[in-house]
Each structure stands twice: as C-alpha cells, then as structure tokens.
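What follows is a single structure, written as structure tokens, with notes after it.
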Amino acid sequence: MADTGALDLGFDPAALKARYLEERDKRVRKDGNEQYVNVAGQFAHYLEDPYTERVERAPVKDHVEVAVIGGGFGGMLAAARLRKAGFNDIRMIETGGAFGGTWYWNRYPGAACDIESYIYLPLLEETGFMPKEKYTKAPEILAHSKRIAERFNLFDRALLSTGVTGMKWNEKKKAWTIE
Ligand SMILES: Cc1cc2nc3c(=O)[nH]c(=O)nc-3n(C[C@H](O)[C@H](O)[C@H](O)COP(=O)(O)OP(=O)(O)OC[C@H]3O[C@@H](n4cnc5c(N)ncnc54)[C@H](O)[C@@H]3O)c2cc1C
C-alpha cells in the first residue's frame, strides 16, 4: 500500500533517513575517541590561553538558576534565548578569557567562516550588525561574539578563564554542583 505521508511530502522520509545513515556510517570510525591525540606532553601547551592573562581569584561558591558551560556560539545562543525568555539568573563559565569559543581560540591568518556570514553569524538582527563580507574573517566574528555578550548581558556574573572540571547532580537539592 502506498505511504500517503510520503506522497504528501514528495519524498520518502524513511528512504532519506536510511541514505543519511548510510553516509554517516561511512564516516564513523571504529576507533572512536581513540582516533584523537591526547592533549598532553608536547601538545599540553594547547591547553593554555595565549590571549588572556589568567588572574587568580578566590573560589566562587553560590547558586544560580542557569549555568552555561562554554562561551562559544552554542552557549551564547542558549543564554541569549534564555534571557529573551525571561531568565535573568544566568552564569556563563568559559575556559577562555573571553566569549567566542572557536573564534576566540582560532586566530591564524586568513581564518574565516565558510558558510555565508549572513546565515552563519547568530543574532544579527538582535544586535543590529551587518557582516562586512560574504565569508567574514575570524576577527570580525570574535568581535561579534563580544557584541552578543554585551547585548545579552552575558558578562554579568560570568566566570571567564574558568574551566569546569566536574559536575555532580544532587537529587535532594535538585541541583547540579559544578566544580
Ligand atoms: C576556521 C573555522 C571556520 C569555521 N567555519 C564554520 C562555518 O562557516 N560554519 C559552521 O557552521 N561552522 C564553522 N566552524 C565550526 C565552529 O566551531 C562552529 O560553527 C561553532 O563556532 C561551534 O560553537 P560551539 O559553541 O558549539 O563550540 P565552541 O566554539 O568550541 O565553544 C565551546 C566553548 O566551550 C569552552 N569549554 C569547553 N570545555 C569547557 C569546560 N570544561 N569548562 C569551561 N569551558 C569549556 C571552550 O573553551 C569553548 O570556548 C568553523 C570553525 C573554524 C575553526
């Protein structure tokens, strides 16, 4: 019997899903995480932040409603959307000394996005920013990250130059303890 859903859509979702899975399987390696180089020994310096001097501070011990770990586009977007939804008690925690994630860490000459800026850069309308180029360069993307952080007040209570080393769920308090 014909699948009416497929007829309505003009394609067969099950067949399309199978095709995507087939392509995915070609790319998934058997060695999984073993394929990656451990960032230790001669590579350990890659864990250091060459852009921002780390200033020692006393440990912070308090409670926030939302903690976002990672200040790249993913974390910033989540926090910005939460702010728009009315959440105010938000804390960003980021290993790097500033927001931007990928664009904070990658500063080699010529680095740029390879998807059109107008599609790739988040929150353009909300920040009123128009990228200068079709494939905008890394410094402009880093600057846009700062713009997002300022527009959505993400610096407020943020812990920068701060890496999360562990998280434990406290069932009694219904809260995460973040280390
Ligand atoms: C040169 C270049 C060009 C690219 N171009 C494109 C493009 O055109 N289109 C596209 O879609 N993608 C592109 N990408 C991919 C890019 O990485 C993603 O688009 C996006 O920026 C990833 O955002 P993210 O928030 O998921 O991760 P990230 O940007 O990696 O952010 C994660 C953040 O979490 C922080 N973090 C990690 N662990 C911890 C911890 N334990 N404690 C505290 N903080 C932590 C990291 O320091 C980092 O800042 C490009 C990447 C590069 C390098």
GLU126: net charge of surrounding residues, Cβ under 11 Å, Lys/Arg +1, Asp/Glu -1, itself excluded? +4
For segment 66-178, convex hull of alpha carbons as volume per residue, Å³: 108 Å³
Antiparallel bridge percentage (DSSP; both residues within the chain; nearest 5): 50 percent
What fraction, in whole percent, of alpha-carbon pairs in segment 1-154 exceed 24 Å separation? 57 percent
With a 10 Å Cβ neighbour count serving as the proxy for reagent exposure, in which order, fewest first, do GLU48, GLU65 appear? GLU48, GLU65
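If you take every residue apart from ALA79 with its C-beta less than 15 Å away from the C-beta of ALA79, what net charge results, scoring Lys and Arg +1 and Asp and Glu -1?
Net local charge, ALA79 excluded: +2.
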What is the local net charge at VAL66, summed over the other residues whose Cβ is closer than 10 Å to its Cβ (Lys, Arg +1; Asp, Glu -1)? 0
Residues ILE148, ILE119 arranged by fewest to most Cβ contacts within 10 Å: ILE119, ILE148
Would you check segment 66-178 for Lys pairs whose C-alpha atoms are within less than 29 Å, ignoring same-chain pairs closer than 8 in sequence, and give me the count? 10
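Bear in mind that the values in this text are calculations on the coordinates, not laboratory data. Predicted model only: the values in this text are computed from it and were never measured. Using ideal geometry, Cβ is built from the backbone for each residue, glycine included, and neighbour counts are taken over all protein chains shown.
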